[in-house]
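These notes concern the structure reproduced below.
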């Protein structure tokens, strides 16, 4: 109903929507990673025909994308994996698009990517064969984990240095101009600190959506040292422990071997 109210044409089923499109059709998927993608493709498959293109713009695992591409290719349907970055600001700023799959198909559909990107000539590219788009997005999100963790730690240090009474939002605004650490994430930090300097009402619980885990696993598989990304993921896991059993065990061990004082509840 909301889509119809904004002028979009809405169909009752995927079959109805596909029947409306001119052949060869281009179908853009934007659904959560995992089983939902396979379920959606299974619903689409009977209605697809030779020459159709399916673009997965979600955060699918790159090996899943390679598998799906091979499956659809058996029916002469092309599958493109498009890593999409921009978050809720993408509608306003444009999306960064990392596209994997058949290069000729990407070039043929260039108008789609030029429309969604920040500008027609930048912010999107064909990054390699099937799986490469979602692989690059996975690494992108791993880097994002590390950057966010570094900002969080830096602001925590300044917040703890109470003798200086540092205005965190003011420092962040200063860093926005000319600083080596300026970035869009820093811009978002300014917005967050302006609205809620003490971050009151926010639980110290940081979820993860999976890409960081995949990045760390890939680093292990490739024998690539990635300590910053790995530790940033572990810090997210630690944020969810609450009453940490491991920390209580550490305290108990210190008391056992050295008689060190334990803080009790």
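The values are calculated or read from the model by the stated rules, or taken from the named source; none is laboratory data. Note that the structure is a prediction, hence the values are computed from the model and not measured. A quick note on method: Cβ atoms are made from the backbone with ideal geometry, for glycine too, and the neighbour counts reach across all protein chains shown.
Restricting attention to region 35-56, report how many residues are assigned to a loop (DSSP other than H, G, I, E, B) and in contact (Cβ under 8 Å) with a residue 40 or more places away in the chain.
Total satisfying the criteria: 0.
Given 166, 143, which one is over 22 Å from residue 38 (Cα atoms), part of a loop (DSSP other than H, G, I, E, B) and in the same structural domain as residue 227 (by TED's automatic domain parsing)?
Residue meeting the stated conditions: 166.
Determine whether residue 60 is closer than 28 Å to residue 19 by Cα, in a helix (DSSP H, G or I), touching a residue at least 40 places away in the same chain (Cβ under 8 Å) and in contact with a strand residue (DSSP E or B) (Cβ under 7 Å, 6 or more places away or on another chain).
In short, no.
So residue 187 fits all but one of (1) farther than 17 Å from residue 144 by Cα; (2) surrounded by 10 or more Cβ atoms within 10 Å (Cβ to Cβ); (3) out of contact with any helix residue (DSSP H, G or I) (no Cβ under 8 Å at 6 or more places or on another chain); what number is the exception?
Failed condition: (1).
One line per residue, one yes/no per condition, for (1) under 26 Å from residue 63 (Cβ atoms); (2) at pLDDT below 95:
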| position | (1), (2) |
| --- | --- |
| 131 | yes, no |
| 136 | yes, no |
| 164 | no, no |
| 169 | no, no |
| 180 | no, no |
| 210 | yes, yes |
| 218 | yes, no |
| 228 | yes, no |
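A quick yes/no check of all residues on (1) touching a residue at least 24 places away in the same chain (Cβ under 8 Å); (2) part of a helix (DSSP H, G or I); (3) loosely packed, with under 13 Cβ neighbours inside 10 Å:
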{"position": "171", "(1), (2), (3)": "no, yes, no"}
{"position": "206", "(1), (2), (3)": "yes, no, no"}
{"position": "223", "(1), (2), (3)": "no, no, yes"}
{"position": "249", "(1), (2), (3)": "no, yes, yes"}
